[in-house]
Amino acid sequence: MVAAFSIREAGKPADGEHPYGHGKIETLSSLFESLLLVLAALFIFAEGVAHIRNPVPVEHTGLAVVTIAISLFVSYFVYRHNARAGDLTESSAIQVNALHFLADAITSAGVLVALIAIHFTGATWIDPVIAFLIAIYILAVSWRQIKRSVEELTDRSLPTEEVARAESILESFKPRVLEIHDLRTRKSGVHRHFNFHALVCGKLSVAESHEVCDEIEETLLGAFPGSQISIHVEPCGHPGTTIPARCFRTGSGRCEVRK
């Protein structure tokens, strides 16, 4: 229910109250669901401690094995479906929803192993030990997702490899663009944001500068679909701007940068 609500809300277009869109609603829901996983892990751990202190015989093993096996199959199937959808849409809400089903599948597998082992050995201590292992695994997975959600909420830069890819694209526009600086990146929901300054020749007309910016936007969108791009154009020689050391004037009076 949380994932369905957040995905619907995050997909709404920007409005007067949310000019940058609603993407962080999805990130918030991802954080909330991750915290629920942490609570589940702590509950499993507490149950494991209780069963170590007061061992309880396992009953109806045959019925339990069949039930858990069915649960394992269904949970894993739904996990794979959600994981594919999450990768295709880069939706953090769907990705963490997939983690919920993966946690269910791992839990079911652990319980299945424990039930079978207890059936043949009678060692009831196996049940809480498996519970501890499951709890540790869920905590590890949850922590990774919590860290990712917090990074998005605090507007951390995109991953290094994505920033390098964007910089490589921007470099390809030289010598039409003399220099790119003050590149800032972040992610909100499924949308990446790129903000930077583009230093161009002061002899370019407004129309020519706009044309270059349109091409930059189109190329970045091809590499990062759904991105929000903001470009501040600066003419070389304008007060406060720098002129690259390799800049020179062509016969037409235009600026270029020697490679």
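Out of the residues in region 166-203 that are polar (S, T, N, Q) and closer than 16 Å to ILE231 by Cβ, which is surrounded by the most Cβ atoms within 10 Å (Cβ to Cβ)? Looking at residues that are polar (S, T, N, Q) and closer than 16 Å to ILE231 by Cβ, I get THR185. Among (1) modelled with pLDDT under 85; (2) more than 13 Å from the chain's Cα centre (by Cα), there is one condition ILE180 misses while meeting the rest; what is its number? For ILE180, the exception is condition (1).
Residues in region 69-93 that are closer than 22 Å to SER142 by Cβ and aliphatic (A, V, I, L, M): LEU72, VAL74, VAL78, ALA83, ALA85, ALA93. When region 13-32 is filtered for residues that are more than 14 Å from the chain's Cα centre (by Cα) and either in a loop (DSSP other than H, G, I, E, B) or of a type outside the set (Phe, Trp, Tyr) (or both), the ones remaining, listed by number, are PRO13, ALA14, ASP15, GLY16, GLU17, HIS18, PRO19, TYR20, GLY21, HIS22. Taken together, ALA123, ALA131, ALA135, ALA166 contain a single residue that is of a type in the set (A, V, I, L, M) and not assigned by TED's automatic domain parsing to the domain that holds LEU99, which is ALA166. Here the condition is being closer than 19 Å to ILE136 by Cα and over 27 Å from the mean Cα position of the chain (by Cα); of VAL38, VAL49, VAL66, it holds for VAL49 alone. Criterion first (surrounded by fewer than 19 Cβ atoms within 10 Å (Cβ to Cβ) and among the hydrophobic types (A, V, I, L, M, F, W, C)) does VAL206 satisfy it? Judged against the criteria, VAL206 is a match.
The condition of being in a loop (DSSP other than H, G, I, E, B), under 30 Å from the mean Cα position of the chain (by Cα) and either of a type in the set (Gly, Ala, Ser) or at pLDDT 90 or above (or both) holds for only one of GLY240, GLY202, GLY226, GLY251, that being GLY226. When each of GLY21, GLY16 is tested for being of a type outside the set (Val, Ile, Thr), surrounded by 17 or more Cβ atoms within 10 Å (Cβ to Cβ) and not assigned by TED's automatic domain parsing to the domain that holds ARG192, the lone residue that passes is GLY21. Take VAL163 and tell me if it is in contact with a helix residue (DSSP H, G or I) (Cβ under 7 Å, 6 or more places away or on another chain) and either in a helix (DSSP H, G or I) or closer than 17 Å to LEU39 by Cα (or both). The answer is no for VAL163. For the structure I just gave you, tell me whether SER227 is farther than 30 Å from GLU9 by Cβ, in contact (Cβ under 8 Å) with a residue 24 or more places away in the chain and crowded, with 16+ Cβ neighbours inside 10 Å. Taking the combined requirement at face value, the residue does not satisfy it. Selection of region 70-110 for residues being under 12 Å from the mean Cα position of the chain (by Cα), in a helix (DSSP H, G or I) and of a type outside the set (A, V, I, L, M) yields GLY86, ASP87, THR89, SER92, GLN95. Scanning region 151-169 for residues that are within 19 Å of GLU217 (Cβ to Cβ) and either in contact (Cβ under 8 Å) with a residue 40 or more places away in the chain or under 11 Å from the mean Cα position of the chain (by Cα) (or both) yields a count of 5. Could you say whether any residue in region 38-45 is surrounded by fewer than 14 Cβ atoms within 10 Å (Cβ to Cβ), outside any loop (DSSP other than H, G, I, E, B) and touching a residue at least 60 places away in the same chain (Cβ under 8 Å)? Within region 38-45, one or more residues are surrounded by fewer than 14 Cβ atoms within 10 Å (Cβ to Cβ), outside any loop (DSSP other than H, G, I, E, B) and touching a residue at least 60 places away in the same chain (Cβ under 8 Å).
Here ALA123 meets the list (1) of a type in the set (Gly, Ala, Ser); (2) assigned to a helix (DSSP H, G or I); (3) surrounded by fewer than 18 Cβ atoms within 10 Å (Cβ to Cβ); (4) free of Cβ contacts under 8 Å to residues at least 40 places away in the same chain almost entirely, failing just condition (2).
The values are calculated or read from the model by the stated rules, or taken from the named source; none is laboratory data. This is a predicted model, so every value here is computed, not measured. Every residue, glycine among them, receives a Cβ derived from its backbone with ideal geometry; neighbour counts consider all protein chains shown.
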